[in-house]
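For reference, the structure is listed below as structure tokens.
The values are calculated or read from the model by the stated rules, or taken from the named source; none is laboratory data. Quantities reported herein were computed from a predicted structural model and do not represent experimental measurements. For neighbour counting, all protein chains shown are included, and Cβ atoms are generated from backbone atoms with ideal geometry for every residue, glycine included.
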Amino acid sequence: MALLHDADFRRFWAGHTVSAVGTHVTAVALPLAAALTLDAGAAGVSAIATATYLPSVALPLFAGHWLESRRRRGIMIAADLLRAVALAAVPVAALLGGLSLPLLIAVALTVGAASVVFDIAGFAYVPSLVGENDLPAANRALQGSSTAAQVSGPGIAGLLVQSLGPAVAVLADAVSYVASALGVTGARRPEPPPVRNPDRPGMAEGLRQIWVSPFLRSLTAHAALYNAGAQILVVNLVVLAVRERGLSAGGYGLALSAAGAGAFLGAMLGLRLAARLGYGRAFAASLVLSTGTPLLLPLLPGRSLSYGVLLGLCQALAGIGLGSANVLSVTVRQVLVPKTSLARSNGAYRTITYGVLPVGAALGGLLGQSLGSVTAVAIGSVALAGSALPMLTRDIRTVKDPWTGVRVPVNRTEENRIEERQTS
């Protein structure tokens, strides 16, 4: 890959990879620190997990609007350092005898908020780091390392906690964010100054950009429905697999890791599929796996090991489709949206698609409690399948590539000019 010879991208990619690993380590290490060091129960562990993802509900919209008029590279470095400092407070507090559940919740909230800013800034920064023709390859590399981090992060966290103890494991995680900051710092290619929009668009501009583009509108609807359905499914799948089918906790973890391994393979294959079928049809083919395969989950036979093998196979197939779809999704959004609005549009996109996560999780709990885990898993899998419908219309399926599609207007004035040309 030609980008591997680009020292700036190589350093940025390294920083992004370490940051992604750190994010997944944090998600496991902080709850383990609460459970093992403070003897926190389910409510305490849940509070930490909620605090980690709570910033994804509303912060992306504000962060995207704020980042649009600022250089992103320096802000990403600051976000990494903030995460490092916040996590370093955990071992310091443990050493001084001041570790508490409220502190861990505050650290989780801070790290979660900084991660939102880092991710939105990174999405908008990449198109200024590589040429437009290199965007698909860059996104394949970044999505591949993100998926690898998803697979390895929880395992690394478990090993660190087991060998070093929870507090020291969190310190190692803090060091990973310092390494990430150094990687991003190493990308020395000058970042172009942000373009000032004379129309001074408001915070809702990102939402408007999603709405006026048929592809982005369908993609956002799909992602929001998918994330909500996935939460319903995941909340109940662990109960079904471990409690009702006798699968061990380790076996369940391996089955989930199969999804990450599949996603890595899908991320590597997505662009080849798009080159052969076109972006629209490649997306549809990816969704057949990512949203269709989970329909088998409530029907899987067997118990214990045999059930775990079948579950792992389903997860791997679904992961292949998800990895491919993710690469295509990021590239399409970066190409269709003007470079002057990348951060704002991504903030709006994340607000919608991530804001449904706590709703889906809560709904999953209610469904599982009232209808049972098998029925709730079935409802979640049907919701996943239904999420594909917005992306299966003829207009979306026939998109050959995003470069030849209609790009999102920068502002309402330009939007009116496009409408006038279309009606004339």
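Counting only residues that are under 30 Å from Val28 (Cβ atoms) and at pLDDT 85 or above, region 185-218 holds 1 of them.
Can you confirm whether region 82-89 contains a residue that is in contact with a Ser or Thr (Cβ under 6 Å, 6 or more places away or on another chain) and under 30 Å from Gly44 (Cβ atoms)? Scanning region 82-89, I find at least one residue that is in contact with a Ser or Thr (Cβ under 6 Å, 6 or more places away or on another chain) and under 30 Å from Gly44 (Cβ atoms), so the answer is yes.
For the residues Leu336, Leu287, Leu342, Leu295, the requirement of being of a type outside the set (Ser, Thr, Tyr), closer than 25 Å to Trp211 by Cα and at pLDDT 90 or above singles out Leu287.
Answer with yes or no whether Leu265 is modelled with pLDDT of 85 or more, under 19 Å from the mean Cα position of the chain (by Cα) and of a type outside the set (Ser, Thr, Tyr).
Considered against the rule, which asks whether it is modelled with pLDDT of 85 or more, under 19 Å from the mean Cα position of the chain (by Cα) and of a type outside the set (Ser, Thr, Tyr), Leu265 comes out as yes.
In this structure, does Ala121 turn out to be under 17 Å from the mean Cα position of the chain (by Cα), more than 21 Å from Leu32 (Cα to Cα) and hydrophobic (A, V, I, L, M, F, W, C)? Considered against the rule, which asks whether it is under 17 Å from the mean Cα position of the chain (by Cα), more than 21 Å from Leu32 (Cα to Cα) and hydrophobic (A, V, I, L, M, F, W, C), Ala121 comes out as yes.
Scoring Ser180 on the criteria (1) surrounded by 23 or more Cβ atoms within 10 Å (Cβ to Cβ); (2) of a type in the set (Gly, Ala, Ser); (3) farther than 25 Å from Ala267 by Cβ leaves a single failure, condition (3). Checking the conditions here, which among Ser128, Ser100, Ser69 is touching a residue at least 40 places away in the same chain (Cβ under 8 Å), under 18 Å from Ala49 (Cα atoms) and surrounded by fewer than 21 Cβ atoms within 10 Å (Cβ to Cβ)? When all the criteria are applied, what remains is Ser100. Among the residues of region 330-359, those identified as buried (at least 24 other Cβ atoms within 10 Å of the Cβ) and small (Gly, Ala, Ser) are Ser341, Ala343, Ser345, Gly347, Ala348.
So which residues in region 354-368 are in a helix (DSSP H, G or I) and β-branched (Val, Ile, Thr)?
Val359, the sole residue that qualifies.
Looking across Ala49, Ala89, Ala33, Ala78, one residue alone is in contact (Cβ under 8 Å) with a residue 12 or more places away in the chain and over 18 Å from Gly165 (Cα atoms). It is Ala49.
Residues in region 369-423 that are in a helix (DSSP H, G or I), within 23 Å of Leu271 (Cα to Cα) and at pLDDT below 90: 9 in all. In region 6-32, the qualifying residues are those that are under 17 Å from the mean Cα position of the chain (by Cα) and of a type outside the set (A, V, I, L, M, F, W, C), and the one that is nearest to Gly144 (Cα to Cα) is Thr17. Does Ser306 satisfy the condition of being in a helix (DSSP H, G or I) and within 30 Å of Ala58 (Cβ to Cβ)? No: the conditions fail for Ser306.
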